[in-house]
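S.K.: Take a look at the following structure, please.
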Amino acid sequence: MITLYRFGPALGLPDASPFVVKAEMLLKLSGLPYRLARGDVRRAPRGKLPYIDDDGQIIPDSTLIRLHLADKYAISLDEGLDQAQRAVAWSVDCMLGEHFYWGLVYERWAVDEHFRRGPAQWFQSVPRPLRALVRCLIRRKVRRALHVQGTGRFSAEERERLLAEDAAALAALLGDKSFFMGERPSWIDASVYAFVSSALTPELGDTAARRLMLRHPNLQGYAERLQTRYYPSQ
Ligand SMILES: N[C@@H](CCC(=O)N[C@@H](CS)C(=O)NCC(=O)O)C(=O)O
């Protein structure tokens, strides 16, 4: 049995991390039985969530989890896609995880109003006397990561412009299809659903990511459709 280690539901989403949602969606699409467990980044194999324990085999990283399902169970979730579609799926996955993601991280952790409504609430398990300190240290660590990655060096206008380009590319590629690559789901839907739904959450207030997603009714409809199908009780 596969165990998926995650943070837990937050912001009206199945998990605070889009990478965890992506990994869970991959498991749902695979049809394999799995269970969920609360993870701890301090014990995670690469210091990040998600990771899975598949009968003792520990696999970190949502993409490595996808490749593990393909290698071990011959479940590649890309049947019917031609080479060009596979290349598009890979490119979109990289855009979401390596570019769009950082725009979301910035909004959540560096913009005071969104931080207050989101990540600031995630430290309830830390004993009260230490809570403010831990919150401040983690926020500082995330800000440093944003600076090193580069997103933290842009102006608000530049960041919004870059997010807008990502959102427009997703909307154009989706068009009026039911799933990202056609009329049946494939693995890239795990990623697109995870990131689009994270961007759309209203719980952080009026984020640029949400505003930009709402410019594209097809992306909003897609997120609602997939939520009804894969997370009906969310
Ligand atoms: N490439 C990884 C990224 C996972 C990731 O960045 N997880 C973040 C949460 S969204 C995390 O665990 N961060 C904890 C930390 O860096 O301390 C994947 O695809 O799973």
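S.K.: So which trypsin sites (Lys or Arg not before Pro) in the stretch 1-32 are both in a DSSP loop and have at most 15 other Cβ atoms within 10 Å of their Cβ?
M.R.: For trypsin sites (Lys or Arg not before Pro) across the stretch 1-32 that sit outside H, G, I, E and B with at most 15 neighbouring Cβ atoms in 10 Å, the list is empty.
S.K.: Provide Rg over Rh for the stretch 150-234; use the alpha carbon set for both Rg and the Kirkwood Rh (inverse mean inverse pair distance). Intermediate results must be reported in sequence, preceding the final value.
M.R.: Numbers: Rg = 13.3 Å, Rh = 13.5 Å.
Across the stretch 150-234, the Cα-based Rg/Rh ratio is 0.99.
S.K.: Among GLY118, GLY56, GLY152, which one shows the biggest mean-square fluctuation in a GNM of the chain, springs joining Cα atoms closer than 10 Å?
M.R.: GLY56
S.K.: Count the DSSP beta bridges whose two residues both fall in the chain, then state the antiparallel fraction as a percent rounded to the nearest 5.
M.R.: 65 percent
S.K.: Name the residues whose placed amide hydrogens come within less than 5 Å of the amide hydrogen of SER186, ignoring near sequence neighbours (fewer than 5 apart) on the same chain.
M.R.: PHE180, MET181
S.K.: May I pose another question? With all protein chains present, how much of the accessible area of the chain (probe radius 1.4 Å) comes from carbon and sulfur, to the nearest whole percent?
M.R.: About 53 percent, which is the carbon plus sulfur part of the accessible surface.
S.K.: Scan around ALA10 for amide H atoms under 5 Å from its own, H built in the peptide plane at 1.01 Å from N, and keep only partners 5 or more places away or cross-chain.
M.R.: ASP15, ALA16
S.K.: Through the Karplus equation 6.51 cos²θ - 1.76 cosθ + 1.60, θ set to phi - 60°, convert the phi angles of the stretch 27-43 into ³J(HN,Hα) values in whole Hz; use x for Gly and Pro.
M.R.: Per-residue couplings from phi come out as 5, 4, 5, 6, x, 6, x, 8, 10, 9, 9, 6, x, 9, 4, 5, 10 Hz.
S.K.: Give the distance, in whole Å, between the Cα centre of the stretch 107-147 and the Cα centre of the stretch 56-100.
M.R.: Centre-to-centre distance over Cα atoms comes out at 31 Å.
S.K.: Something else now. Per the helix-only calculation at 222 nm, which mean residue ellipticity applies to the chain, given -39500 (n - 2.57) for every DSSP H run of n ≥ 4 and division by its residues, nearest 500 deg cm²/dmol?
M.R.: Value at 222 nm, helices only: -17500 deg cm²/dmol.
S.K.: Near LYS72, which lysines are there with a Cα under 27 Å away, not counting those fewer than 8 places off in the same chain?
M.R.: Straight-line reach from LYS72, under 27 Å: LYS22, LYS28, LYS48.
S.K.: Please express the Cα-Cα pair-distance distribution P(r) of the chain as a list of whole percents, one per 10 Å bin, running from 0 to the bin with the greatest distance.
M.R.: Final binned percentages: 7, 32, 37, 20, 3, 0.
S.K.: Using θ = phi - 60° and the Karplus curve 6.51 cos²θ - 1.76 cosθ + 1.60, what whole-Hz ³J(HN,Hα) does each residue of the stretch 169-186 get, with Gly and Pro shown as x?
M.R.: Rounded to whole hertz, the list is 5, 4, 4, 5, 5, 5, x, 10, 6, 6, 10, 4, 10, x, 9, 10, x, 9.
The values are calculated or read from the model by the stated rules, or taken from the named source; none is laboratory data. Just so you know, these numbers come straight off a predicted model, no measurement behind them. A quick note on method: Cβ atoms are made from the backbone with ideal geometry, for glycine too, and the neighbour counts reach across all protein chains shown. When the accessible area is computed, the model is the full protein with side chains, heavy atoms only, and any ligands, DNA or RNA have been set aside. Shrake-Rupley method; radii C 1.70, N 1.55, O 1.52, S 1.80 Å.
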